[in-house]
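Only one structure is covered here, and it is reproduced in the block below.
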């Protein structure tokens, strides 16, 4: 169980941060997800863990969005941006050493590409974002993605198709702008 959680923690944090645009909220969501997952499903077979974990995470993210809409907390993203601008703490992800030790220009190009992809993912509607990340990044099949998202397999395919189309369009626009 510890190995599974350690392996999924970073990716879950990125998913939650993309959905919330707030690192602190994302950390809380992932922590709550892990606690709920361990309480409810530690006795389940290991093959069932990924879709169950993602189901809890996606439910937590949807609940967070509902609470945010209800309270009208539109200022969360602005607060997050201000905190980032004021913070002197280095981003731990940016401090991670690349084991392949590529050239600086390659790293810069990769970083810029990653930033464009993340920005494009942030602009997707939540369900499209979820479908894309669960299917392509987590590698879940349609059935497990549907279970994690709480919808049908057809809905997963529709959301994924729309996400792929929107991402292609956004990234092509970015490449034309350069």
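The values are calculated or read from the model by the stated rules, or taken from the named source; none is laboratory data. The shown structure was predicted, so the numbers you read here are calculated from the model rather than taken from an experiment. Glycine gets a Cβ as well: all are built from the backbone with ideal geometry, and neighbour counts include every protein chain shown.
For segment 32-54: of the residues being surrounded by fewer than 16 Cβ atoms within 10 Å (Cβ to Cβ) and either within 15 Å of the chain's Cα centre (by Cα) or not in a helix (DSSP H, G or I) (or both), which is modelled with the lowest pLDDT?
42
Looking at this structure, is residue 162 surrounded by 13 or more Cβ atoms within 10 Å (Cβ to Cβ) and either farther than 15 Å from residue 58 by Cβ or touching a strand residue (DSSP E or B) at 6+ places or on another chain (Cβ under 6 Å) (or both)?
It is true that residue 162 is surrounded by 13 or more Cβ atoms within 10 Å (Cβ to Cβ) and either farther than 15 Å from residue 58 by Cβ or touching a strand residue (DSSP E or B) at 6+ places or on another chain (Cβ under 6 Å) (or both).
Would you mind finding the one in 89, 98, 105 that is at pLDDT 55 or above, assigned to a loop (DSSP other than H, G, I, E, B) and loosely packed, with under 12 Cβ neighbours inside 10 Å?
Selected residue: 89, the only one of 89, 98, 105 that is at pLDDT 55 or above, assigned to a loop (DSSP other than H, G, I, E, B) and loosely packed, with under 12 Cβ neighbours inside 10 Å.
Mind telling me which of the residues 29, 57, 18 ends up being without any contact (Cβ under 8 Å) to a residue 40 or more places away in the chain and either assigned to a helix (DSSP H, G or I) or on the phi > 0 side of the Ramachandran plot (or both)?
Exactly one residue qualifies, and that residue is 29.
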